[in-house]
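Data block below; observations after.
The values are calculated or read from the model by the stated rules, or taken from the named source; none is laboratory data. Fair warning: this is a prediction, and the values are worked out from it, not measured in the lab. Cβ placement follows ideal geometry from the backbone for every residue including glycine, while neighbour counts extend to all protein chains displayed. Side chains included, ligands, DNA and RNA excluded: accessible areas come from the protein's heavy atoms. Shrake-Rupley method; radii C 1.70, N 1.55, O 1.52, S 1.80 Å.
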Amino acid sequence: MKKILMLTAFALAGLAAAQDTTTPTTPPTTDTTTQDTTTTQDTTTTQDATTTTTQDTTQDVGTPATLTAEQNFARAQEFAVQADVAYPVPFYDRTLWKAAVDHAYYAAQQEAGNRNYQSYLAQLYTKTQWWINAYNAWNRLGDLNDTERQWAALSAAKLAYIALQRGDRTAARTYVEQGLRWANTPSLQAIQSRL
């Protein structure tokens with residue numbers, strides 16, 4: 001058990017170390033004929049077995065426009081899985097979460113009629129705590145399933161709480177009312193009782 005934990009910690013450390021949170025000063029070079037991409041500024045070692053599937057995400061953030069909607073959706077899912085492993089708390093400003101959201105955004109824009117792409121983008125906005133984008137994305141989707149209603153209600157509750165904290169009771173009431181239409185959650189009820 002101890003060896004497994006040590007190997008897991010080593011693998012996570014390697015994955016986290018492979019993430020570059022700085023923006024390169026020169027554009028990276030890409031080879032569009034393969035799925036693996038490289039940059040001239042990549043100084044991490046990818047020979048380690050734990051990081052061979054990790055790609056340099058600083059360049060991938062800039063390339064979603066060249067991919068198809070299906071490819072962007074697949075990349076968004078890949079980056080989200082990697083981000084779940086690499087970061088303890090999901091935020092958009094983390095490299096892998098940003099790449100996941102950006103690819104999902106491009107997929108949703110390229111095929112605006114694809115409900116799965118739109119829903120996945122809304123889920124990523126919610127998960128990365130980008131509340132206003134999440135709220136708006138859930139609103140645009142219209143009819144939601146039970147799971148989506150819970151995600152949407154969470155975004156409404158967060159926005160209502162923020163509005164209440166800044167003293168904007170009208171906005172808070174609007175978010176609470178919409179959130180309650182999605183799902184009657186304890187957090188929305190608690191905020192409603194303060195209005």
The farthest towards the positive end of the charge dipole of the range 74-195, of the residues Gln165, His103, Gln178, given +1 on Cβ of Lys and Arg and -1 on Cβ of Asp and Glu, is Gln165
As a test question: what accessible area, to the nearest 10 Å², does Glu70 have when a 1.4 Å probe is rolled over all protein chains in place?
130
For the range 83-195: accessible area per residue (Å², 1.4 Å)
51
Which distance in nm do the two modelled labels at Ser187 and Ile162 give, with both placed 7 Å along the Cα-to-Cβ direction?
1.2
Under the rule rounded for a/c under 1.5, else prolate if a/b exceeds b/c, else oblate, using alpha carbon gyration tensor axes a ≥ b ≥ c, the range 62-120 is classed as prolate
Within the range 86-184, which trypsin sites (Lys or Arg not before Pro) sit in a loop by DSSP and count at most 14 neighbouring Cβ atoms inside 10 Å?
Arg166
Give me the distance in nm between label points sitting 7 Å out from Cα along the Cα-to-Cβ direction at Ile132 and Asp146, one decimal.
3.4
Using only the Cα atoms, work out Rg/Rh for the range 125-187, with Rh taken as the Kirkwood radius, to two decimals.
0.94
For the range 176-195 and the range 71-142, write down the distance between their C-alpha centroids in whole Å.
25
From the Cα gyration tensor of the range 73-195, with a ≥ b ≥ c the square roots of its eigenvalues, which class applies: rounded if a/c is under 1.5, or else prolate if a/b is larger than b/c, or else oblate?
prolate
